[in-house]
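Quick notes on the structure that follows.
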């Protein structure tokens, strides 16, 4: 989740960076198309589809956003025609952006004793990041002896294999400051000394070093969608 200040009297600019769809079985409840439509209606700057160890929801989300852009583009041209504007002007009307769709995925990270420690959300920043994220998911799925499952230990997280990916660290809501030091492996703390948290915070961004993400939210996408660490 990312909140940036807007102009006086306006709602702050908002981007949802961790969102599950119905493709995350027993966790997400809304279809990707429904989430995209809701996010556009609420004026979100961006929406990241981050199903667990999967990119399954991204295709439908992209299709929905593309169709909404085409419909909005057509409506703009029709309005320009009704206003009597010149044909050259109408032909040069650009399709509206509406919202930026981000491609990502969520992973449960375990320690060497197989105990769950935290969730890692990876968001591709460009085409290279998308390729690295896709390969990361494929390696985890292929390494699992059980189809449809995966196991990720923190020692398997290799930053050099995840270049151009934004990392979002999601800790349990009730984790204390002391637990933070035990849940995150020591090498991560040594290379990212800015990792801190407050009582009301449980999310950290880590493009290079960790930084806090404020927990304030705008109106939720839809009632069935659970909070980030649910």
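Data overview
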| read-out | value |
| --- | --- |
| Nitroxide proxy distance, nm - points 7 Å out along Cα→Cβ at residue 74 and residue 100 | 2.8 nm |
| Cα-projected label distance for residue 93 with residue 66, points at 7 Å along beta-carbon direction, nm | 2.2 nm |
| Highest average packing first - 85-94, 66-75, 128-137, Cβ atoms within 10 Å | 128-137, 66-75, 85-94 |
| Added length on full extension, which subtracts the Cα-Cα distance from 0.36 nm per residue, residue 113 to residue 86 | 2.8 nm |
| Cα pair distances in the stretch 53-115, grouped into 10 Å bins until the bin that holds the longest one, percent each | 18, 30, 20, 14, 9, 5, 3, 0 |
| Extension gain, residue 155 back to residue 29 (0.36 nm per residue minus Cα-Cα distance, nm) | 42.2 nm |
| Global geometry of the stretch 41-185, whether rounded, prolate or oblate, following the gyration tensor of its Cα atoms and the 1.5 cut on a/c | prolate |
| Cα centroid of the stretch 41-56 to Cα centroid of the stretch 63-123, whole Å | 10 Å |
| Listed peptides 40-46, 148-154 by packing density, highest first (mean Cβ within 10 Å) | 40-46, 148-154 |
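Where a number appears in this text, it was derived from the coordinates with a stated rule and is not lab data. What you see is a predicted model; the values in this text were computed from it and never measured. Ideal geometry is used to build each Cβ from the backbone, glycine not excepted, and the neighbour counts take in all protein chains shown.
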